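Since the structure comes first, as structure tokens, the remarks are kept for the end.
The values are calculated or read from the model by the stated rules, or taken from the named source; none is laboratory data. Quantities reported herein were computed from a predicted structural model and do not represent experimental measurements. Counting neighbours? That spans all protein chains shown, and the Cβs are built from the backbone with ideal geometry, glycine included.
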Amino acid sequence: MTVANTQRTIDAIWRIESAKLIAGLTRMVRDVGLAEDLAQDALVIALERWPEIGIPDNPGAWLMTTAKRRAIDLLRRNKVRDQKYVEMAHTMDLYTEEDIDAALDGEIHDDLLRLIFMTCHSVLSQDARVALTLRLLCGLTTDEIARSFLAAESTIAQRIVRAKRTLNAEKVPFEVPVGDELKERLAAVLEVIYLMFNEGYSATSGDHWIRPLLCQEALRLGRVLAEIAPQESEVHGLVALMEIQSSRFRTRVNAAGEPVLLMDQNRAQWDRLLIRRGLAALERSQKAGRPLGPYALQAAISACHAVAPTAAETNWIRIAALYEALSRVSPSPIVELNRAVAISMAFGPDFGLQIVDGLSAEPSLKGYHLLPSVRGDLLVKLGRLDEARVEFERAASMTRNAREQELLRDRAAECASDVSK
């Protein structure tokens, strides 16, 4: 394997393992900022050594072992080592590499849920929680997070640093709370798991459109949370949404890794077991006796697609009505953009375009590539191909995902070709 290929492999491993690594280290050192530093140190060592010795059979265990050794070395040099050793004596075991191999497949996974509850504490603002989630759990760079926030990279970097310092200063416990405290943090935890899933479902950047392992981890955490809080309607709603969305993974990209849009997917290849699980979770959410929240409403929308035998048989009128309900429960420009798509499918592209054009001055959508992408799609349906080409090109220039850029540029080229005929 060449050095370049090894580095790409290490990057892929890091995206898969970093969240579990940081969570496990946080359990050991009780400091999320220090845990991230130790994880980064292990990554640097891997970048130096793996091109020479090859990729280990269990790279996650290798990284954890290396990071743990760095932690012990650091504590030995630290002025407060005596206090830390006392804390560690009560809170951690010293693992062999074999122990860590087993732990990575067991208890360490549940550390992720503890880390989410820790980072969702009320001492942090919502923006800080989201930024920290994208950094620690989704593995995004500060630059990538800044682009999603439409903010300066330095601003996001400071926000993340302050958040980690606050968690340490306030001694926020690394645990899953119970009772009223669990309920108080539940909405923030659901948002974090939702963010994790969405980053896996449509990657913000990189060479791949989807990151299935990130979605699988978010879904697993959602299922665990449903066991912890079985009476909470929105927990089941989020699980339902993730189950149904996950059912489409094998059809979201073709053999070449290129995106396949929903209306073009082979529904015969959708995972029927995941769909059944999703519909069952949606039913549990509906039986809770409360009005459907934003996650349950999104799950109901996904269910409309899941039960339609073909794209042509999709109940777009019901989807439009569900988006109307969602816009009342959780109003946002992105929900309105999705409602415009549903309206266009149910009643014609002219109606959808009116809504989209009304969103063109929305500040929060200024850098959102799906706004020109949706507008381009509606213009194609109206036969305004030259305008559509411009919109697709603009959308391609705004996204940082290489696969999505290719898709949008191909659509722009198709419009140009059809115009010239």
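Brief remarks follow.
- Applying the criterion of being crowded, with 16+ Cβ neighbours inside 10 Å and touching a Ser or Thr at 6+ places or on another chain (Cβ under 9 Å) to the residues of the range 171-188, the residue that is farthest from Cys215 (Cα to Cα) is Val172.
- Looking across Asp73, Asp11, Asp57, Asp41, one residue alone is under 25 Å from Ile160 (Cα atoms), modelled with pLDDT under 90 and surrounded by fewer than 20 Cβ atoms within 10 Å (Cβ to Cβ). It is Asp11.
- Test: residue in the range 299-308 that is of a type outside the set (S, T, N, Q), at pLDDT 95 or above and closer than 24 Å to Glu414 by Cβ: no
- Looking across the range 51-65 at every residue that is hydrophobic (A, V, I, L, M, F, W, C) and part of a helix (DSSP H, G or I), the one that is farthest from the chain's Cα centre (by Cα) is identified as Ile53.
- Val123 loosely packed, with under 15 Cβ neighbours inside 10 Å and at pLDDT 90 or above: yes
- Any chance Ala312 is assigned to a helix (DSSP H, G or I) and either in contact with a Leu (Cβ under 8 Å, 6 or more places away or on another chain) or closer than 19 Å to Arg223 by Cβ (or both): no
- Set Leu326, Leu370, Leu378: member being buried (at least 22 other Cβ atoms within 10 Å of the Cβ) and within 21 Å of the chain's Cα centre (by Cα): Leu326
- So Glu393, is it surrounded by 18 or more Cβ atoms within 10 Å (Cβ to Cβ), more than 17 Å from Leu262 (Cα to Cα), of a type in the set (Asp, Glu) and under 28 Å from the mean Cα position of the chain (by Cα): yes
- Across the range 148-161, a minimum of one residue is classified as outside the structural domain of Ala23 (by TED's automatic domain parsing), modelled with pLDDT under 85 and either assigned to a helix (DSSP H, G or I) or surrounded by 22 or more Cβ atoms within 10 Å (Cβ to Cβ) (or both).
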